[in-house]
Amino acid sequence: MSKIISTSDFRNGLVVKLEGSLFRIVEFQHVKPGKGGAFVRTKVKNVETGAVLEKTFRAGEKFEEAVLENRQMQFLYREGENYVFMDVETYEQMGIPPDVIGEAAQFLVENQEISVFVHKGKPVTVEIPFSANLKVSKAEPWLKGDTSGAATKPVVLETGLKVQVPLFVEEGDTIKVDTRTGKYIERV
């Protein structure tokens, strides 16, 4: 039984049925013009063909959410372009292309568990936890009294992600990052 959702339920990675095909929402924006009704501008990707389309919907428009199988999978390693995951229940391994992983790639570390949503045996989207603990691999040293402007500095994390952090964070520290915004939360 499929679930009916509206434009207010949209989120990146959500898979909906449109015109008889499955589409994954890549990005969306709610627009409320001064005149006329509100609408939602979206970029959607066809799960079968990979074609990316831009579509506009009236606010409140109803859709059928696609029924997907949710599998808990553990990230093992990268093989060429693909990310190799293992199903934590069946130990079956699966290669997932980078276009399915999307923005989540910048938060993936080995042995991390995520939700992989599958349709007819093919991975269509992933969902990662709202925060990730990542090690600081490169940080500039901080000199006391060096607080010109904001009291933050850029660091590079083990995944290659660049984040602004407080001055006391050093190379080798592990920090918690919000995976929705890519911003520093706290030192762990």
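Quick notes on this structure:
- Ignoring aspartates and glutamates fewer than eight residues from Lys45 along the same chain, the ones with Cα atoms less than 20 angstrom from its Cα are Asp9, Glu19, Glu27, Glu54, Glu61, Glu64, Glu65, Glu69, Glu81, Asp99, Glu103, Glu127.
- Cα centroid separation - the range 165-184 against the range 17-69, whole Å: 33
- Entries of Lys138/Lys162; Lys153/Lys183; Lys32/Lys62; Lys32/Lys55; Lys55/Lys122; Lys17/Lys183 with Cα pairs more than 21 Å apart: Lys55/Lys122; Lys17/Lys183
- Here the translational diffusion coefficient of the range 102-188 follows from Stokes-Einstein with Rh set to the Kirkwood radius across Cα pairs; for 10 °C and 1.306 mPa s it amounts to 112 µm²/s.
- Each of Phe57, Phe168 has some number of other Cβ atoms within 10 Å of its Cβ, and from fewest to most they run Phe168, Phe57.
- Whole-Hz Karplus values for the range 153-160 come out as 9, x, 10, 10, 8, 4, 8, x Hz, taken residue by residue from phi with 6.51 cos²θ - 1.76 cosθ + 1.60 and θ = phi - 60°; glycine and proline positions read x.
- All-pairs alpha carbon distance profile, the chain, 10 Å steps from 0, percent: 8, 29, 28, 21, 11, 2, 0
- Estimated vicinal HN-Hα couplings, Hz - the range 92-105 in sequence order (Karplus 6.51, -1.76, 1.60; Gly, Pro = x): 6, 9, 9, x, 10, x, x, 5, 7, 5, x, 5, 4, 4
A short reminder: the numbers here are calculations on the coordinates, not readings from a lab. The model shown is predicted, which means the values in this text are computed figures rather than measured ones. As a convention, Cβ positions derive from the backbone with ideal geometry for all residues, glycine included, and neighbour counts pool all protein chains shown.
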